[in-house]
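The values are calculated or read from the model by the stated rules, or taken from the named source; none is laboratory data. Quantities reported herein were computed from a predicted structural model and do not represent experimental measurements. Cβ: placed from backbone, ideal geometry, glycine included. Neighbour counts: every protein chain shown. Calculation scope for accessible area: heavy atoms of the full protein, side chains included, ligands and nucleic acids excluded. Shrake-Rupley method; radii C 1.70, N 1.55, O 1.52, S 1.80 Å.
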Amino acid sequence: MKSSFLKSGHWPTLLAAFLYFDLSFMVWVVLGPLGVQIARDLGLTAAQKGLMVATPVLAGALLRIIMGIMVDHFKPKLAGAIGQVLVIAALLTAWLVGIHSYNQLLMFGVALGVAGASFAVALPLASRWYPPEHQGAALGIAGAGNSGTVLAALFAPGLALAFGWNNVFGLAVIPLGIVLVAYLLLARDSPDCPPAKPLSDYFKVLRDKDAWWFMFFYSVTFGGFVGLASSLTIYFNDQYGLPPVAAGYFTAACVFAGSLLRPVGGVVADRVGGIKSLSLMYLLAATFLFIVSFGLPQAWMGLALFVLTMLVLGMGNGAVFQLVPQRFRKEIGVMTGLVGMAGGLGGFYLASSLGYSKQFTGSYQSGLLVFAGLAIIALIGLTFVKGRWRTTWGTVNVAMAKV
């Protein structure tokens, strides 16, 4: 018999995972909303702006592997505490010492990647407390912490205007410190944590072709989400001449849609099946990206299309993580790290390709069109594997939730 979601799991841990994830995402993408002011002061080209916002995404993607290993060896709570202390130290250093060159900016971006790696901690921290039939909802709520990107887009440009962009890094330490204390008080490791495995056994999961499929699927949904979240402030400034604060508000609206719908995507996937839900999301995302790539004449038109794009990408994120724990429940720690890494790589590709597209062609169209094509390839791939999935690990007798 299925149990009530509210009576399952451990809500203080779920709340702690959400807060940790939310604030970590806020600082992970903070260079995007600050990008216009930073680029002006350091004299960056379009390609350098793209690489500036893409570097934390790439670093976060790669560090998710290390965090995934730390989760399984040290348990999620300790791994998350270590990550938060490192991010706070990086922000304090940038604030006190200052960032005076493009190279220093990229080094700081690498340090911010530790915040992006929080994904590999927050999700298993919450997931291990909940039964399979509530994985979509639990991971959707924990994963909604990517709404922290909204906070960055809403407040960072205005704070930079008032106090200077370097002081934003110091101000960010205040909420991060509060959340660290709350995290230490609320979070608990599940008694259902699997024992740590030898490092040599970790990447055996990569021999399973389903692991690669999930990594590719998430590189499109989450990659699209975080790539756009990092780039849209610069896009709206370049494409429509919006001032940084207004461009930040436009970006916040887009990111809010994607973040808000992530838990909804998880719940919908629980009810109709992750495969059906994800297939529709890929089709819609490809359609919206194709239309917006033509550079719509009015800023509100571009805003509307990007809101729709982020909305379906956010729901797609929830759908992917409704499926992953059912297929790889015993390996959820390392799989969360691997799938999360792939999502970050997708975001790095999108953010950097938009910068290069602008520099070498004068528009963002080619970057957006290629990513729309990746969404179509993901749809074809999902269609290819769904029959096998539904007749093996996704059958009614094996799966605890609808696949």
Open item on the list: So for region 217-226 (the condition being out of contact with any Leu (no Cβ under 9 Å at 6 or more places or on another chain) and surrounded by fewer than 19 Cβ atoms within 10 Å (Cβ to Cβ)), does at least one residue qualify?
Closed with: no
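Looking at Ser24, is it of a type in the set (S, T, N, Q), in contact with a His (Cβ under 9 Å, 6 or more places away or on another chain) and either free of Cβ contacts under 8 Å to residues at least 24 places away in the same chain or within 18 Å of Ile141 (Cα to Cα) (or both)?
Working: of a type in the set (S, T, N, Q): yes; in contact with a His (Cβ under 9 Å, 6 or more places away or on another chain): no; either free of Cβ contacts under 8 Å to residues at least 24 places away in the same chain or within 18 Å of Ile141 (Cα to Cα) (or both): yes.
Considered against the rule, which asks whether it is of a type in the set (S, T, N, Q), in contact with a His (Cβ under 9 Å, 6 or more places away or on another chain) and either free of Cβ contacts under 8 Å to residues at least 24 places away in the same chain or within 18 Å of Ile141 (Cα to Cα) (or both), Ser24 comes out as no.
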TODO: Sort out which residues of region 118-143 are part of a helix (DSSP H, G or I) and not hydrophobic (A, V, I, L, M, F, W, C), and write them in order of number.
DONE: Pro124, Ser127, Pro132, Glu133, His134, Gln135, Gly136, Gly140, Gly143
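Would you say Trp165 is among the aromatic types (Phe, Trp, Tyr), more than 22 Å from the chain's Cα centre (by Cα) and open to solvent by 20 Å² or more (accessible area, probe 1.4 Å)?
Values: among the aromatic types (Phe, Trp, Tyr): yes; more than 22 Å from the chain's Cα centre (by Cα): yes; open to solvent by 20 Å² or more (accessible area, probe 1.4 Å): yes.
Answer is yes for this residue.
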Task: Options Thr251, Thr309; residue that is touching a Pro at 6+ places or on another chain (Cβ under 7 Å), buried (at least 24 other Cβ atoms within 10 Å of the Cβ) and under 28 Å from Gly113 (Cβ atoms) - done: Thr251
Open item on the list: What's the number of the only condition in (1) buried (at least 21 other Cβ atoms within 10 Å of the Cβ); (2) more than 24 Å from Ser259 (Cβ to Cβ) that Val30 fails to meet?
Closed with: (2)
Open item on the list: List pairs: first residue in region 36-47 and under 15 Å from Ala160 (Cα atoms) and part of a helix (DSSP H, G or I), second residue of a type in the set (A, V, I, L, M, F, W, C) and open to solvent by 20 Å² or more (accessible area, probe 1.4 Å) anywhere in the structure, Cβ distance under 6 angstrom, at least six positions apart or on different chains.
Closed with: Gln37/Trp165; Ile38/Trp165
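Residues in region 101-111 that are free of Cβ contacts under 8 Å to residues at least 12 places away in the same chain and not polar (S, T, N, Q): how many?
Taking region 101-111 and keeping what is free of Cβ contacts under 8 Å to residues at least 12 places away in the same chain, we get 103-104, 107.
From the residues that got through so far, the ones that are not polar (S, T, N, Q) too are 107.
So the answer is 1.
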Open item on the list: Condition first: among the aliphatic types (A, V, I, L, M) and over 19 Å from the mean Cα position of the chain (by Cα). Now tell me which residues in region 70-85 satisfy that.
Closed with: Met70, Leu78, Ala81, Ile82, Val85
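Just to be sure, is Leu289 in a helix (DSSP H, G or I) and either free of Cβ contacts under 8 Å to residues at least 24 places away in the same chain or open to solvent by 10 Å² or more (accessible area, probe 1.4 Å) (or both)? Full working, then the answer.
Details: in a helix (DSSP H, G or I): yes; either free of Cβ contacts under 8 Å to residues at least 24 places away in the same chain or open to solvent by 10 Å² or more (accessible area, probe 1.4 Å) (or both): no.
Judged against the criteria, Leu289 is not a match.
For the condition open to solvent by 10 Å² or more (accessible area, probe 1.4 Å), modelled with pLDDT under 90, within 29 Å of His134 (Cα to Cα) and not in a helix (DSSP H, G or I), what is the one hit in Arg271, Arg329? Can you show your working first?
Working: Arg271 fails: not in a helix (DSSP H, G or I).
The unique qualifying residue is Arg329.
I'm trying to understand the selection: among the residues of region 138-162, which are small (Gly, Ala, Ser), open to solvent by 20 Å² or more (accessible area, probe 1.4 Å), more than 28 Å from Ile82 (Cβ to Cβ) and touching a residue at least 60 places away in the same chain (Cβ under 8 Å)? Spell out how you get there, then give the answer.
The first filter runs over region 138-162 and keeps only residues small (Gly, Ala, Ser), leaving 138, 140, 142-145, 147-148, 152-153, 156, 158, 160, 162.
Of the ones still in play, those that are also open to solvent by 20 Å² or more (accessible area, probe 1.4 Å) are 147, 158, 162.
If we keep only those that are more than 28 Å from Ile82 (Cβ to Cβ) too, we end up with 158, 162.
Once the filter is applied, which keeps residues that are small (Gly, Ala, Ser), open to solvent by 20 Å² or more (accessible area, probe 1.4 Å), more than 28 Å from Ile82 (Cβ to Cβ) and touching a residue at least 60 places away in the same chain (Cβ under 8 Å), region 138-162 yields only Gly158.
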TODO: Please go through region 33-83 and pick out each residue that is open to solvent by 30 Å² or more (accessible area, probe 1.4 Å), farther than 23 Å from Phe225 by Cα and of a type outside the set (S, T, N, Q).
DONE: Arg40, Asp41, Leu42, Gly43, Ile69, Met70, His73, Phe74, Lys75, Lys77, Leu78, Ile82
